[in-house]
């Protein structure tokens, strides 16, 4: 019964109505596009069909662009090469981005916040938005040299809006972030994942599929989940996961397990298919930290639930 009630779009609209501050930025963009939407209205990819920029192109990245980045010049040759191949592969790996001392400080910060109740686990193993509770984590995600580099990859200013910390592996099935954190124009998002300890096949490494970001953005309509004017679609998330599994087979995509070293950083495109492997040895932790960044002035929403994203910007 509860799940049926949650399918009514008005239930989200009522909730959104009381979060004007976190949603008003979208209404400004709606007006520019000529959309008859209030800040609390439901929104989905269907609303942007036919509008200019609904299909975002992947920016071309070369040495002349990256050489303007201060961070780029401090990286290893393999990290530089990875960034130069970002447009083609949809990801880049920065080796030893954080020092052991920096990682240890972050781990200690998370441990302290968990002990004193400043942060708590949600969805079993996620610590959400710790950047709003910790200056150290917020400054890590907002490092000016990192922001500068990410902005070059996005083709516009990158803005930090979300963090997730893990103690154990996520074990999340393969997906594109664009179904969960959707933007208009599409592709206005970057993910950053940092290993807070050495990661092996035992403790559930991240996995990704190179070049999968070039596939279409698979949305509600692609698995018959658009719903109606007043109701959300009735398909389960499993239906989306099944679709993605079939797409991987159809396009014969190669899976890469990211067995990272402590301090390594992975950047991925909004549409890159990725997930978390099974955490085989539960006696071992898999400490990691995720940041998500939106492109400035993007309209941000959740495609599945057709909710505009509540954004408390982190400064």
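The values are calculated or read from the model by the stated rules, or taken from the named source; none is laboratory data. Owing to the predicted nature of the structure, the values given are computational and were not obtained by experimental measurement. Using ideal geometry, Cβ is built from the backbone for each residue, glycine included, and neighbour counts are taken over all protein chains shown.
Numbers for the structure displayed
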{"quantity": "Long-range neighbours under 6 Å by Cβ, at least six apart or interchain, first residue closer than 21 Å to residue 310 by Cα within the stretch 107-128, second at pLDDT 95 or above and part of a helix (DSSP H, G or I)", "calculated": "119/113; 119/130"}
{"quantity": "Residue 248 vs. criteria in contact with a strand residue (DSSP E or B) (Cβ under 9 Å, 6 or more places away or on another chain) and either under 30 Å from residue 102 (Cβ atoms) or outside any strand (DSSP E or B) (or both)", "calculated": "no"}
{"quantity": "Odd one out for residue 187 among (1) surrounded by fewer than 21 Cβ atoms within 10 Å (Cβ to Cβ); (2) not in a strand (DSSP E or B)", "calculated": "(1)"}
{"quantity": "Criterion: out of contact with any helix residue (DSSP H, G or I) (no Cβ under 9 Å at 6 or more places or on another chain), within 28 Å of residue 230 (Cβ to Cβ) and surrounded by fewer than 17 Cβ atoms within 10 Å (Cβ to Cβ) - qualifying residue of 5, 28", "calculated": "28"}
{"quantity": "Every residue from the stretch 212-221 that is surrounded by 18 or more Cβ atoms within 10 Å (Cβ to Cβ) and either touching a helix residue (DSSP H, G or I) at 6+ places or on another chain (Cβ under 6 Å) or closer than 13 Å to residue 90 by Cβ (or both)", "calculated": "212, 213, 215, 217, 219"}
{"quantity": "Residue in the stretch 35-46 that is surrounded by fewer than 18 Cβ atoms within 10 Å (Cβ to Cβ) and either in a helix (DSSP H, G or I) or in contact (Cβ under 8 Å) with a residue 40 or more places away in the chain (or both) present", "calculated": "yes"}
{"quantity": "Residue that is modelled with the lowest pLDDT, among those in the stretch 222-236 that are surrounded by fewer than 17 Cβ atoms within 10 Å (Cβ to Cβ) and within 15 Å of residue 180 (Cα to Cα)", "calculated": "236"}
{"quantity": "Residue check, residue 115 within 20 Å of residue 289 (Cα to Cα) and assigned to a loop (DSSP other than H, G, I, E, B)", "calculated": "no"}
{"quantity": "Identity of the residue in the stretch 163-182, out of contact with any helix residue (DSSP H, G or I) (no Cβ under 6 Å at 6 or more places or on another chain) and closer than 16 Å to residue 121 by Cβ, that ends up surrounded by the most Cβ atoms within 10 Å (Cβ to Cβ)", "calculated": "169"}
{"quantity": "Test: residue 205 is within 22 Å of residue 96 (Cβ to Cβ), in contact with a strand residue (DSSP E or B) (Cβ under 7 Å, 6 or more places away or on another chain), crowded, with 20+ Cβ neighbours inside 10 Å and at pLDDT 95 or above", "calculated": "yes"}
{"quantity": "Subset of the stretch 58-84 (residues that are in a loop (DSSP other than H, G, I, E, B) and either buried (at least 19 other Cβ atoms within 10 Å of the Cβ) or in contact (Cβ under 8 Å) with a residue 24 or more places away in the chain (or both))", "calculated": "58, 59, 60, 61, 68, 69, 70, 71, 75"}
{"quantity": "Selected residue [within 28 Å of residue 269 (Cβ to Cβ), over 23 Å from the mean Cα position of the chain (by Cα) and modelled with pLDDT under 95] from 70, 38, 6, 32", "calculated": "32"}
{"quantity": "Criterion: touching a residue at least 40 places away in the same chain (Cβ under 8 Å) and more than 27 Å from residue 256 (Cα to Cα) - qualifying residue of 194, 131", "calculated": "131"}
{"quantity": "Residue satisfying all of: in the stretch 85-105; part of a loop (DSSP other than H, G, I, E, B) and touching a residue at least 24 places away in the same chain (Cβ under 8 Å); nearest to the chain's Cα centre (by Cα) among these", "calculated": "90"}
